[in-house]
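Student: Please read through the structure below; I'll follow up with questions.
The values are calculated or read from the model by the stated rules, or taken from the named source; none is laboratory data. Just so we're clear, the structure is a prediction, and the values are computed from it rather than from any experiment. We place every Cβ from the backbone using ideal geometry, glycine too, and count neighbours over all the protein chains shown.
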Amino acid sequence: MYEEIEEKINYTFRNKDLLKQAFTHISYAREKGTSHYETLEFLGDALLNFFIVDILVEEFPDKREGTLAALKAYLISEEFFNELAKDLDIVDYILISRGRKNVSIVGDVFEALWAAVYIDSGRDCGRVKEIFNKLFKKRILETVRNRKIRKDYKTMLQEVTQKRWKERPTYRVVEVEGPEHAKIFTVEGSIKGLSALGKGKTKKEAEQEAARRLYEILREEV
């Protein structure tokens with residue numbers, strides 16, 4: 001089933017169960033008594049952060065830290081990972097017991113896949129980075145150079161609050177609704193007695209919405 005994925009990323013797994021785990025949602029894992037992708041997703045998130053930051057620093061050494069942070073924020077976003085995942089048709093291989101394979105699941109599996117490659121390769125970070133760059137570096141650079149970066153409100157808000165108060169806003173999850181495969185998160189962003197709520201299919205998405213609303217509140221105060 002997963003031979004096509006191996007062919008697309010030009011990597012053959014020694015441990016096929018590890019590859020399957022990267023595509024297995026917790027609902028399916030509970031039903032079948034097998035492993036799911038959540039721990040791999042956690043590791044993959046860190047790996048992709050590093051790969052993308054490394055590309056940005058290498059290709060744009062003269063850009064200021066704030067500019068690089070804004071670029072990074074979009075390039076590691078759920079939205080952008082979903083675009084990259086389309087190139088691999090990841091949604092076609094996800095194992096889930098019920099419900100839709102929603103947007104957040106696709107992004108999670110994309111992260112888990114790279115963690116699986118990393119572990120299977122004997123934790124050879126250089127090799128995994130090389131595979132990732134061959135597939136996506138050109139796409140990442142085109143996105144930056146063609147100014148296809150969407151606004152990152154968390155970074156924009158932080159720049160405002162750092163300048164005004166030398167402090168960063170905080171975010172906390174105040175509510176999680178819905179079934180396991182279709183959760184809706186509510187996050188509160190706050191700073192200096194001001195707060196705003198945001199909802200989203202992931203914590204990151206909800207944080208961005210809370211940041212957007214808080215950013216607009218601060219702009220109105222000026």
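Student: Just wondering, is there one or more residues in region 72-80 that are part of a loop (DSSP other than H, G, I, E, B), surrounded by 14 or more Cβ atoms within 10 Å (Cβ to Cβ), hydroxyl-bearing (S, T, Y) and within 14 Å of the chain's Cα centre (by Cα)? Working first, answer last.
Tutor: Of all residues in region 72-80, those part of a loop (DSSP other than H, G, I, E, B) come to 76-77.
Subset that is surrounded by 14 or more Cβ atoms within 10 Å (Cβ to Cβ): 76-77.
Pick out the ones that are also hydroxyl-bearing (S, T, Y) and you get 77.
Going one step further and asking which of them are within 14 Å of the chain's Cα centre (by Cα), we end up with 77.
The answer is yes; a qualifying residue exists.
Student: From the list I149, I131, exactly one residue is out of contact with any Asp or Glu (no Cβ under 9 Å at 6 or more places or on another chain) and closer than 20 Å to V109 by Cβ. Which is it? Reasoning before the result, please.
Tutor: Details: I149 fails: closer than 20 Å to V109 by Cβ.
Testing whether each residue is out of contact with any Asp or Glu (no Cβ under 9 Å at 6 or more places or on another chain) and closer than 20 Å to V109 by Cβ leaves just I131.
Student: Test L47 against the criterion of being within 17 Å of N133 (Cβ to Cβ) and either touching a Leu at 6+ places or on another chain (Cβ under 6 Å) or in the same structural domain as L88 (by TED's automatic domain parsing) (or both), and give yes or no. Reasoning before the result, please.
Tutor: Details: within 17 Å of N133 (Cβ to Cβ): yes; either touching a Leu at 6+ places or on another chain (Cβ under 6 Å) or in the same structural domain as L88 (by TED's automatic domain parsing) (or both): yes.
Yes.
Student: Would you check if there is a residue in region 122-134 being on the phi > 0 side of the Ramachandran plot and not assigned by TED's automatic domain parsing to the domain that holds N10?
Tutor: Within region 122-134, the first condition is being on the phi > 0 side of the Ramachandran plot, and the residues that meet it are 122-123.
Pick out the ones that are also not assigned by TED's automatic domain parsing to the domain that holds N10 and you get none.
No, there is no match, as no residue in region 122-134 is on the phi > 0 side of the Ramachandran plot and not assigned by TED's automatic domain parsing to the domain that holds N10.
Student: State yes or no: is K72 touching a helix residue (DSSP H, G or I) at 6+ places or on another chain (Cβ under 9 Å), closer than 26 Å to D124 by Cα, of a type in the set (K, R) and at pLDDT below 95? So that I can check it myself, show each step before the final result.
Tutor: Numbers: touching a helix residue (DSSP H, G or I) at 6+ places or on another chain (Cβ under 9 Å): yes; closer than 26 Å to D124 by Cα: yes; of a type in the set (K, R): yes; at pLDDT below 95: yes.
The answer is yes for K72.
Student: Within region 1-45, count every residue that is under 13 Å from W114 (Cβ atoms) and loosely packed, with under 13 Cβ neighbours inside 10 Å.
Tutor: 0
Student: Still on this structure, please answer the following. Do you know which residues across region 77-104 are over 16 Å from S35 (Cβ atoms) and of a type in the set (A, V, I, L, M, F, W, C)? Give the derivation first.
Tutor: Keep residues of region 77-104 that are over 16 Å from S35 (Cβ atoms), which gives 77-92, 98-104.
The answer is F80, F81, L84, A85, L88, I90, V91, V103.
Student: Tell me which of these A112 doesn't satisfy, since it passes every other one: (1) buried (at least 17 other Cβ atoms within 10 Å of the Cβ); (2) in contact with a strand residue (DSSP E or B) (Cβ under 8 Å, 6 or more places away or on another chain); (3) modelled with pLDDT of 90 or more.
Tutor: Every listed condition holds for A112 apart from (2).
Student: How many residues does region 193-221 contain that are part of a strand (DSSP E or B) and of a type in the set (V, I, T)?
Tutor: Keep residues of region 193-221 that are part of a strand (DSSP E or B), which gives 194-200.
Remaining after also requiring of a type in the set (V, I, T): none.
Residues flagged as part of a strand (DSSP E or B) and of a type in the set (V, I, T) within region 193-221 amount to 0.
Student: Please go through (1) more than 30 Å from V91 (Cα to Cα); (2) surrounded by 14 or more Cβ atoms within 10 Å (Cβ to Cβ); (3) at pLDDT 90 or above for K192 and return the number of the only condition it doesn't satisfy.
Tutor: Against the list (1) more than 30 Å from V91 (Cα to Cα); (2) surrounded by 14 or more Cβ atoms within 10 Å (Cβ to Cβ); (3) at pLDDT 90 or above, K192 comes up short only on (2).
Student: Return the only residue of T34, T39, T12 being farther than 25 Å from K138 by Cβ, assigned to a loop (DSSP other than H, G, I, E, B) and assigned by TED's automatic domain parsing to the domain that holds D108. Before the answer, list the steps.
Tutor: Details: T39 fails: assigned to a loop (DSSP other than H, G, I, E, B); T12 fails: farther than 25 Å from K138 by Cβ.
It is T34.
Student: Based on this model, can you work out whether T186 counts as of a type in the set (S, T, N, Q), crowded, with 19+ Cβ neighbours inside 10 Å and under 30 Å from F23 (Cβ atoms)?
Tutor: Details: of a type in the set (S, T, N, Q): yes; crowded, with 19+ Cβ neighbours inside 10 Å: no; under 30 Å from F23 (Cβ atoms): yes.
Here the answer is no, as T186 does not meet what is asked.
Student: Of the conditions (1) out of contact with any Phe, Trp or Tyr (no Cβ under 6 Å at 6 or more places or on another chain); (2) free of Cβ contacts under 8 Å to residues at least 60 places away in the same chain, Y28 clears all except one; give me its number.
Tutor: (2)
Student: What number goes with the only condition from (1) at pLDDT 95 or above; (2) farther than 26 Å from H36 by Cβ; (3) not small (G, A, S) that Q162 does not pass?
Tutor: (1)
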